[in-house]
Amino acid sequence: MITTAPGKLIAVAGIDGAGKSTLAASLHAALKDAGQDAVLIGKHTTEVPMSADLSAYMDQLNAVVYKRNADVGAACGDHYWLFALAAWYTLQDRLVIQPALRAGSHVILDNAHHKILARYAINPDVPTGLARQVFAHLTPADMVLFLRLTAEEALRRKQEFSALEAGRGGANNEAFVSYQDDVAVQLRQQADDHAWTSIDVNGKTPDLVLNEALLQLTEHFGLQLA
Ligand SMILES: Nc1ncnc2c1ncn2[C@@H]1O[C@H](COP(=O)(O)OP(=O)(O)OP(=O)(O)O)[C@@H](O)[C@H]1O
Ligand SMILES: [Mg+2]
């Protein structure tokens, strides 16, 4: 029997605007360029290989979770959104991420659950232990690249943000910075886990950030990426 070595799950974490999607996309391209089998999975990845039915179902769930207006969001409440997100992350893990890893493909995961957990950890209306538990069964990442950026710099990069990204504390810049500072504290607590690797991205170009990330992958997994 021929067995394939499972791929590595590489997640990207950081506050809103830290550069997660930018790094995830360039990392995916770099791995492919180096001849590695890799898939990029993000917020709207709903394709389940070889199953039109499951892909269609994932698409519907994605719309339920992400395509709603602010009034609907507020009316449903924080517990509902925690469970809806848990449903989404559960299916994406089971139907998309795990099969890819088993097939030997590396998975670059943008928009992993870590930021959601950090947000719920500072939400006084939902017990943190509950939020932790609804994500506890997800496949642990082999590496979490934690992009550390000040909230002020994230604001400069993003220029605009949603009410959610300001913690519903108002739509002003101060609310964004103070909320993101709190989220960063929670992310740093998660970063105690051995799989997490911090990269200080303040003042670094996307290329520099990519190079640091590639260095980490080479060091930890011995991937030939040059
Ligand atoms: N190293 C960098 N230097 C300067 N600007 C950057 C850098 N990386 C990304 N950006 C820019 O910053 C903005 C936010 O980046 P990106 O969308 O990748 O962040 P994100 O962490 O995925 O954000 P979100 O949490 O909103 O999904 C984008 O406009 C992007 O082009
Ligand atoms: Mg993003």
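The values are calculated or read from the model by the stated rules, or taken from the named source; none is laboratory data. The structure displayed is predicted, hence computed values, not measured ones. Backbone-built Cβ (ideal geometry, glycine too); neighbour counts: all protein chains shown.
Only one of the numbered conditions (1) away from ligand 2 (no atom under 16 Å from the Cβ); (2) in a helix (DSSP H, G or I) is violated by Trp88, and that is (1). Every condition in (1) among the aliphatic types (A, V, I, L, M); (2) within 16 Å of ligand 1 (Cβ to nearest atom); (3) touching a helix residue (DSSP H, G or I) at 6+ places or on another chain (Cβ under 7 Å) holds for Leu82 except the one numbered (2).
Every residue, every condition in (1) more than 16 Å from ligand 1 (Cβ to nearest atom); (2) in contact (Cβ under 8 Å) with a residue 60 or more places away in the chain; (3) of a type in the set (Gly, Ala, Ser), yes or no:
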{"residue": "Lys8", "(1), (2), (3)": "yes, yes, no"}
{"residue": "Ala13", "(1), (2), (3)": "no, yes, yes"}
{"residue": "Asp16", "(1), (2), (3)": "no, yes, no"}
{"residue": "Gly19", "(1), (2), (3)": "no, yes, yes"}
{"residue": "Asp37", "(1), (2), (3)": "yes, yes, no"}
{"residue": "Ile41", "(1), (2), (3)": "no, yes, no"}
{"residue": "Val48", "(1), (2), (3)": "yes, no, no"}
{"residue": "Ser51", "(1), (2), (3)": "yes, no, yes"}
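Scanning segment 46-68 for residues that are under 22 Å from the mean Cα position of the chain (by Cα) and at pLDDT below 95, which turns out surrounded by the fewest Cβ atoms within 10 Å (Cβ to Cβ)? Across segment 46-68, the extreme among qualifying residues is Pro49.
Scan segment 31-45 residue by residue and report those that are buried (at least 21 other Cβ atoms within 10 Å of the Cβ) and not in a strand (DSSP E or B). Within segment 31-45, Leu31 is the sole residue that qualifies. Candidates in segment 157-182 are the residues that are within 16 Å of ligand 2 (Cβ to nearest atom) and basic (Lys, Arg); of these, the one that is surrounded by the fewest Cβ atoms within 10 Å (Cβ to Cβ) is Arg157. Inspect all residues belonging to segment 190-200 and state whether any of them is surrounded by 17 or more Cβ atoms within 10 Å (Cβ to Cβ), more than 19 Å from the chain's Cα centre (by Cα) and under 30 Å from Gly129 (Cβ atoms). The answer is no; no qualifying residue exists. Looking across segment 183-225, the residues that are aliphatic (A, V, I, L, M), in contact with a helix residue (DSSP H, G or I) (Cβ under 8 Å, 6 or more places away or on another chain) and not in a helix (DSSP H, G or I) come down to Ile199, Val201, Leu223, Leu225.
Across segment 131-178, the number of residues qualifying as at pLDDT 95 or above and part of a loop (DSSP other than H, G, I, E, B) comes to 9.
So for segment 64-79 (the condition being within 16 Å of ligand 1 (Cβ to nearest atom), outside any loop (DSSP other than H, G, I, E, B), among the hydrophobic types (A, V, I, L, M, F, W, C) and more than 24 Å from Asp192 (Cα to Cα)), does at least one residue qualify? The answer is yes, given that some residue of segment 64-79 is within 16 Å of ligand 1 (Cβ to nearest atom), outside any loop (DSSP other than H, G, I, E, B), among the hydrophobic types (A, V, I, L, M, F, W, C) and more than 24 Å from Asp192 (Cα to Cα). Evaluated against (1) over 30 Å from Gly129 (Cα atoms); (2) in contact (Cβ under 8 Å) with a residue 40 or more places away in the chain; (3) more than 16 Å from ligand 2 (Cβ to nearest atom), Ser26 falls short on exactly one condition, (3). Residues that are over 16 Å from the mean Cα position of the chain (by Cα) and without any contact (Cβ under 8 Å) to a residue 60 or more places away in the chain within segment 138-152 comprise Thr150, Glu152, listed in sequence order.
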